[in-house]
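Chemist: Have a look at the structure that comes next, please.
Just so it is clear, none of the values below were taken in a lab; they were calculated from the coordinates. As the structure is a computational prediction, the values presented were derived from the model and not from experiment. Here the Cβ is made from the backbone with ideal geometry for all residues, glycine too, and neighbour counts use every protein chain on show.
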Amino acid sequence: MDLKRLARERGFSYSEFSNLMDIFIDVTKKDISLLERAIQENDMTAAGDAAHSLKGSAGNMGFPELAKAAKSAETYAKEGKSELVKQATMVIKEMFGSIVSTCRDMEST
């Protein structure tokens, strides 16, 4: 994942994009927390809403695979398939962790 390329593709300097990434990371952490809470409470409406939010922000920031995983979680939630929502959430968390690690690596170089 090349964050500098993503910044250029979106018309931002790397510094501007880095600031947007900080916001994206904070918002995504909250969305994942909401998604996990909704799963625990078996609230598929709330799970779908959190996944929808995550899908949009991931797509806007240039993370299509994360957006695709969030779309799957959203669809499964609408269908009431809680086990599949759980599985999709695990994938989301793994992908998001990779994004966060990449950001940390970029900041340290």
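Chemist: Quick one: Karplus J couplings for the stretch 57-72, per residue in order, coefficients 6.51, -1.76, 1.60, θ = phi - 60°, nearest Hz, x for Gly and Pro?
Modeler: Running phi through 6.51 cos²θ - 1.76 cosθ + 1.60 with θ = phi - 60° gives 5, 5, x, 5, 8, x, 10, x, 5, 5, 4, 5, 5, 5, 4, 4 Hz.
Chemist: Sticking with this one: Rounded to whole Å and sorted largest first, list the principal axis extents of the Cα atoms in the chain.
Modeler: The Cα atoms of the chain stretch 42, 23, 18 Å along the principal axes, largest first.
Chemist: While we're on this one: Using only the Cα atoms of the stretch 50-103, what are the Rg and Dmax in Å?
Modeler: Both quantities, over Cα of the stretch 50-103: 10.7, 34 Å.
Chemist: Tell me the relative contact order for the chain as a rounded percent, counting alpha carbon contacts under 8 Å between residues six or more apart. Let's see the in-between values first.
Modeler: Values: 107 pairs, mean separation 24.1, N = 109.
This gives 22 percent for the chain.
Chemist: Springs between alpha-carbon atoms under 10 Å, Gaussian network over the chain: tell me which of Glu94, Glu74, Glu16 tops the mean-square fluctuations.
Modeler: Glu16
Chemist: Under 17 Å Cα-Cα from Lys93, which aspartates and glutamates qualify once same-chain neighbours fewer than 8 residues away are excluded?
Modeler: In chain and number order, the partners are Asp22, Asp26, Asp31, Glu36, Asp49, Glu65, Glu74, Glu83.
Chemist: Still on this structure: Mind telling me which of Asn42, Asn60, Asn19 comes out most flexible in a GNM of the chain, alpha-carbon contacts under 10 Å?
Modeler: With Cα springs under 10 Å in the chain, the top fluctuation among Asn42, Asn60, Asn19 is at Asn19.
Chemist: Next question. Rounded to the nearest 20 Debye, what is the dipole magnitude of the stretch 20-107 about its Cα centre when Lys and Arg each give +1 and Asp and Glu each give -1 at the C-beta?
Modeler: On the way: 11 positive and 14 negative charges, 34 e Å.
Using only the charged Cβ atoms, the result is roughly 160 debye.
Chemist: For the chain, modelled as a GNM with alpha-carbon contacts under 10 angstrom, which of Gly11, Gly80, Gly56 fluctuates the most?
Modeler: Looking only at Gly11, Gly80, Gly56, the biggest GNM fluctuation is shown by Gly11.
Chemist: Could you tell me what % of all Cα pairs in the stretch 1-59 have separations over 17 Å?
Modeler: Values: 799 of 1711 pairs.
Counting pairs separated by more than 17 Å, the tail of P(r) holds 47 percent.
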